[in-house]
1. Counting other Cβ atoms within 10 Å, keep those with at most 14, restrict to DSSP loop, and tell me which trypsin sites (Lys or Arg not before Pro) in the range 26-107 are left.
2. Which percentage, to the nearest 5, of the DSSP beta bridges contained in the range 40-148 is antiparallel?
3. Considering only C-alpha atoms, what is the centroid distance from the range 1-63 to the range 327-375, in Å?
4. Express as a percent, rounded to the nearest 5, the fraction of DSSP beta bridges in the chain (both residues included) that run antiparallel.
5. Do the alpha carbons of any pairs in Lys31/Lys120; Lys31/Lys266; Lys31/Lys296 sit beyond 28 Å of each other, and which pairs?
6. Mind running the shape call on the range 297-340? Use the C-alpha gyration tensor, a ≥ b ≥ c as the square roots of the eigenvalues: rounded below 1.5 for a/c, prolate if a/b tops b/c, oblate otherwise.
7. Under 8 Å for C-alpha pairs, at least 6 residues apart: give me the relative contact order for the chain, rounded to a whole percent.
8. With the cut-off at 1.5 for a/c, could you classify the range 18-122 from its C-alpha gyration tensor as rounded, prolate or oblate?
Amino acid sequence: MRIAMIGSGYVGLVSGACFAEFGVDVVCVDKDQSKVDALRQGRIPIYEPGLDVLVARNAEAGRLTFTTDLAQAVAGVDAVFIAVGTPSRRGDGHADLTYVFAAADEIARALTGYAVIVTKSTVPVGTGRRVHRRVRAARPDLEFDVASNPEFLREGSAIEDFMRPDRVVCGAESERAREVLSGLYRPLNLIETPIVFTGLETAELTKYAANSFLAAKITFINEIADLCERVGADVQDVARGIGLDGRIGRKFLHAGPGYGGSCFPKDTLALLRTAEQYATPLRIVEATVEANDRRKRQMAHRIVQAMGGDVDGKKVAVLGVTFKPNTDDMRDSPSLVIVPALQGQGAEVHAFDPEGRTTAEPLLPGVRWQDNAYDTMDGADALVILTEWNVFRGLDLAEIKRRLKTPVVIDLRNVYKPSQMAAAGITYSGIGRPNGVIDDDSQELAAE
């Protein structure tokens, strides 16, 4: 089989490389000539574990190629996947479909025979119908189908998520389109992965519903963490106690500074805008968005409180700035709120991130970047763990104490045990633990 992947960003590149690994002939299309040139030379524009090896192997085998020529790419394909960005539109939170419709228009002009046009991008309910109307208007004579195939890839483990997913959702409404998608995903059928065929609107909504539910789950455990600190409970034990219930599950029950990344923030907002259009309030999602925004500001306040209530002129060492480990993605990372808030209170922030510095530097002006975790701590008045990279899990506690001017650690990811820190002579503040820093003054610091 042969497909074209329009867009060589995170979703398009990972999906294209994984389809190629299945034995499909894949052409990835991007308008950015410099990106295409880099990919042809084996240089990957994003950090995703294992992606460089996967791309190189399939490019060498001739199953994965890159081009800027969309017309050439779609000639004779079985399916064309639209995997372009759908960022939140400024001002109203709606998903910006400019790139999706531009891709659809170009595909319509270029197709020479039947193909399934598949939206892989996360798009609001009704987008597939709109794409169909645009293509039909441009090419009344063309045989084609439009399908929705939302992605459920977690940054940092995207290849595993594609190769061994919990499920594959395909919104396809003709037998011919279902046959094409079934053929593409046949390797997953062989390992008994559920392939769920639905209508277009159902598939589109499933993606938003899934991400909003997970965002709500994160927000729920974060609020339970606050209550744990008030009553003297431990949120990690609470999370384990409820997560072992098969109806709830253990994933996404890790208390922290709030969710970020490329999906949850924009998808929850887009779902709210869709609900407003259809006069169907989603109060839980509304509360999730509000609570998550508030939590990031609260985390800055927590750090200040742990440092005695004043950070003016003090040095703060920050480990990790990306929104999660195993990615260089800074989109809506808690650090983008927390770090400027500390700087606004007069703190001097030194930081280290194993992969995120290049992306983060222009977004976090004034931060002094270090080349390793320990150098970041030298002479600091406190150490803050913002992202739970594995390299931060086994730090020498004696060395931490020696390097810090004041032995204070604020662990916003609960990487360490309070008893370990106490034994090392370090004042420790975790999240949702009896020794967490929370006071009756709930004023929040706003990022400036």
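1. On the way: sites: Lys31, Lys35, Arg40, Arg43, Arg57, Arg63, Arg89, Arg90; in loops: Lys31, Arg43, Arg63, Arg89, Arg90.
Passing both the DSSP loop test and the Cβ count: Arg43, Arg90.
2. In the range 40-148, approximately 10 percent of DSSP beta bridges are antiparallel ones.
3. Answer, in whole Å: 30.
4. 5
5. Lys31/Lys296
6. Here the range 297-340 falls in the prolate category.
7. The value is 12 percent.
8. Values: a/c = 1.90, a/b = 1.23, b/c = 1.54.
It is oblate, given that a/c is not under 1.5 and a/b is not larger than b/c.
Just so you know, all these numbers are worked out from the coordinates, no wet-lab data involved. The structure displayed is predicted, hence computed values, not measured ones. Note that each Cβ is placed from the backbone with ideal geometry, even for glycine, and that neighbours are counted across all protein chains shown.
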